[in-house]
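Q: Here it is, the structure in full.
The values are calculated or read from the model by the stated rules, or taken from the named source; none is laboratory data. Keep in mind that what you see is a predicted model, and the values were worked out from it rather than measured. Note that we place each Cβ from the backbone using ideal geometry, even for glycine, and neighbour counts take in every protein chain shown. Just the protein is used for accessible areas: all its heavy atoms, side chains included, with ligands, DNA and RNA removed. Shrake-Rupley method; radii C 1.70, N 1.55, O 1.52, S 1.80 Å.
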Amino acid sequence: MATEQLNVLKALDVAKTQLYHFKAVVIAGMGFFTDAYDLFCIALVTKLLGRIYYTDPALNEPGHLPANVSAAVNGVALCGTLAGQLFFGWLGDKLGRKSVYGFTLILMVLCSIASGLSFGHEAKGVMGTLCFFRFWLGFGVGGDYPLSATIMSEYANKKTRGTFIAAVFAMQGFGILFGTIVTIIVSSAFRHAFPAPPFYIDAAASIGPEADYVWRIIVMFGTIPAALTYYWRMKMPETARYTALIAGNTKQATSDMSKVLNKEISEEDVQGERATGDTWGLFSRQFMKRHGVHLLATTSTWFLLDVAFYSQNLFQKDIFTKIGWIPPAKTMNALEELYRIARAQALIALCGTVPGYWFTVAFIDIIGRFWIQLMGFTMMTIFMLAIAIPYDYLVKPGHHTGFVVLYGLTFFFANFGPNSTTFIVPAEIFPARLRSTCHGISAATGKAGAIIGAFGFLYASQDQKKPETGYSRGIGMRNALFVLAGTNFLGLLFSLLVPESKGKSLEELSKENVGDDGIEA
């Protein structure tokens, strides 16, 4: 049965950009700001955690997290995120986008605080509770993906919808940058307040008891921006597309959007009866016929992107250490090493990560989703090969600048490319009653790739002859970079299945205005 597009949805599609659109971007975007902070701040402090809890003064090198602990600390939040994306994506279609939107934020705030308050001062207790709470932190973060994307896509007009969804996601870049800035400030403050000698002079004194406060403050600091937006999340009305197309209450949808748009919208009562014509589900023949290829496209490209993206993001510190951009750990005290790691990652975020996101915001509704994603995967493949092929040359002293520039460019084109578009497209091309679910499935598949990247890259990049203590031999950093280049190329190929959604209404894209007989209403 075909569904005629309702007047309230037509009004949303052609509405002029106004204050409420920007307010929605800020409300949803601050969630993503917090998401990125929470997910990536752990990469900044893992070296410090190793020093605090695993240093043996009898050995001639600073402590580091054992292989299994490092993998758990880095990967457990991603496992929680995957579960949260599936659960809250499904729940968002069952109970409504707004109904569960506030709960995800509360979960993130509470678990972020609990992570920083991980019990005790012994390695086993601290790491165990840290991993437990970071799993549930990730669970809340996971809910933000499908809900924020769906809410923004359903509020926006069709002309600038991509720009607004991209702007929400671009707050992730500021979250990553903010994490490095907080780390730089906190580590600098403690470094100057509590001076400590380098490890090679005094192993025990190089850590200092105050260092245990540093990582806890950094981990908990991300709760502040999230908590500030809770009130506004609760004040947002449910999206008109959920209220009208799923709940079948056209009158309420019209009333809500009339207030939002400051405009009277007329709606015929009979249209509310036609709003719920099609009832086929996710596993139906009709869904597979209309959207099966679309779901394959969004899941495969997000999976392949996150294998590469999270490998690079979570293990920047290891890459920078191996190329010699950060001095050997034993020449620094614990907080000096943390400061240098944060400073290096801040430079990458400022020059590559953040600009990439905002280039997408600027050009997504001009160039289109398809071409930006294709270009991004292409350039990521090229720059990854440009690092891997002359890797032995680039890691030599004096050549680090070339490595860092090429490395930064891969981040730029990840964000001015598939890292943004894989988030945007699933929020546009699926029907309203399955939109949040399908976005959650796509995002969860991406996080499966991130988990492979987080666990796999750590082991795969180990030296073939002299792996780090506690690790088995890997294929080496150079070969691991070749694998990531191949992953990006596969992402390029699967991107050919992604439909272009620029300038079309959500009902046109999802074919909700087309009956099973193929006739448009």
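Q: Which of the residues belonging to segment 449-474 are at pLDDT 80 or above and open to solvent by less than 70 Å² (accessible area, probe 1.4 Å)?
A: From segment 449-474, those at pLDDT 80 or above are 449-453; that's our starting set.
Answer for segment 449-474, where residues must be at pLDDT 80 or above and open to solvent by less than 70 Å² (accessible area, probe 1.4 Å): 449, 450, 451, 453.
Q: Inspect all residues belonging to segment 407-421 and state whether any of them is more than 20 Å from residue 478 (Cα to Cα), part of a helix (DSSP H, G or I) and open to solvent by 10 Å² or more (accessible area, probe 1.4 Å).
A: Scanning segment 407-421 turns up at least one residue that is more than 20 Å from residue 478 (Cα to Cα), part of a helix (DSSP H, G or I) and open to solvent by 10 Å² or more (accessible area, probe 1.4 Å).
Q: Continuing with this model, one more query. So, in segment 174-211, how many residues would count as being farther than 20 Å from residue 39 by Cα and buried (at least 17 other Cβ atoms within 10 Å of the Cβ)?
A: Looking only at that region, the number is 10.
Q: Which one of these does residue 61 not meet: (1) open to solvent by 20 Å² or more (accessible area, probe 1.4 Å); (2) closer than 30 Å to residue 504 by Cα; (3) in contact (Cβ under 8 Å) with a residue 12 or more places away in the chain?
A: So the condition that residue 61 fails would be (2).
Q: Just checking, which of 14, 76, 26 is surrounded by fewer than 21 Cβ atoms within 10 Å (Cβ to Cβ) and closer than 20 Å to residue 175 by Cβ?
A: Just a single option satisfies the conditions, and that option is 26.
Q: Looking for whichever is closer than 30 Å to residue 420 by Cβ, in contact with a His (Cβ under 7 Å, 6 or more places away or on another chain) and either touching a residue at least 40 places away in the same chain (Cβ under 8 Å) or not polar (S, T, N, Q) (or both) here; the options are 170, 156. Which one fits?
A: Answer to the check: 156.
Q: Please give the number of the condition residue 329 fails out of (1) open to solvent by less than 10 Å² (accessible area, probe 1.4 Å); (2) in contact with an Asp or Glu (Cβ under 9 Å, 6 or more places away or on another chain); (3) closer than 22 Å to residue 180 by Cβ.
A: (1)
Q: Say we look at segment 152-173 and pick out the residues that are open to solvent by 10 Å² or more (accessible area, probe 1.4 Å) and over 17 Å from the mean Cα position of the chain (by Cα); which of these is modelled with the highest pLDDT?
A: 163
Q: Any idea which of 424, 429 is in contact (Cβ under 8 Å) with a residue 40 or more places away in the chain, touching a Pro at 6+ places or on another chain (Cβ under 8 Å) and over 22 Å from residue 72 (Cβ atoms)?
A: Exactly one residue qualifies, and that residue is 429.
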